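Asker: Attaching a single structure in structure tokens format; questions to follow.
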Amino acid sequence: MSECAEQCIAIVREEYDGEILESGTAGQYEVVFTVPAEQIVQFATYIVNRGWWHLATITGQDLGEQIEMLYHFNAEEPPAVTIKAAVPKSDPRLPSITPQLPAATMYEREIFDLLGVQFEGHPRLERLVLSDDWPEGVYPLRLEELAKQAERDEEEKA
């Protein structure tokens with residue numbers, strides 16, 4: 001872990017008054033913080049106010065029982081910051097950061113469309129990528145849908 005990353009983690013852990021479940025690094029120039037889903041707005045706002053003002057992207061991944069959200073922030077200098085927050089796949093809801101960070105709007109809509117995460121408080125949570133006639137409740141980046149597609153692909157090869 002670089003000295004820069006170590007210092008960043010120490011400062012954030014000391015200053016932030018909410019809960020941080022885990023902290024660490026992903027490479028030399030990226031620090032990762034895991035926070036409870038209900039604190040994502042508070043922690044993202046803190047990170048932006050601390051100097052990581054550029055929301056590079058938001059990604060999500062299906063981990064089986066949970067969907068993990070990853071919020072990627074950059075500043076003028078390293079390290080980059082990734083915030084992780086997981087929600088249960090059975091009820092994938094977390095607060096939207098769009099009202100505080102308007103740059104999140106399209107990322108949250110894309111994740112809503114492809115993984116089915118409900119971003120509560122989003123001003124316009126509607127389809128972005130999938131067509132209007134796409135079946136409700138079918139999320140193409142969830143593991144079960146990927147498995148179905150792989151099965152269909154195998155059947156077509158046979």
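Asker: Given the criteria touching a residue at least 24 places away in the same chain (Cβ under 8 Å) and at negative phi, does residue 62 qualify?
Answerer: yes
Asker: Follow-up. Consider residue 31 against the criteria (1) under 23 Å from residue 117 (Cβ atoms); (2) in contact (Cβ under 8 Å) with a residue 24 or more places away in the chain; (3) crowded, with 17+ Cβ neighbours inside 10 Å; (4) not acidic (Asp, Glu): it satisfies all of them except one. Which criterion is unmet?
Answerer: Going through the list (1) under 23 Å from residue 117 (Cβ atoms); (2) in contact (Cβ under 8 Å) with a residue 24 or more places away in the chain; (3) crowded, with 17+ Cβ neighbours inside 10 Å; (4) not acidic (Asp, Glu), residue 31 breaks only (1).
Asker: Separate question: All but one of (1) in contact with a helix residue (DSSP H, G or I) (Cβ under 8 Å, 6 or more places away or on another chain); (2) more than 21 Å from residue 112 (Cα to Cα) hold for residue 13; state the number of the condition that does not hold.
Answerer: (1)
Asker: Looking at region 11-26 only, could you name the residues that are touching a strand residue (DSSP E or B) at 6+ places or on another chain (Cβ under 9 Å) and loosely packed, with under 15 Cβ neighbours inside 10 Å?
Answerer: 13, 21, 22, 24, 26
Read-outs: derived from the displayed coordinates by stated rules, not from any lab. Owing to the predicted nature of the structure, the values given are computational and were not obtained by experimental measurement. Glycine gets a Cβ as well: all are built from the backbone with ideal geometry, and neighbour counts include every protein chain shown.
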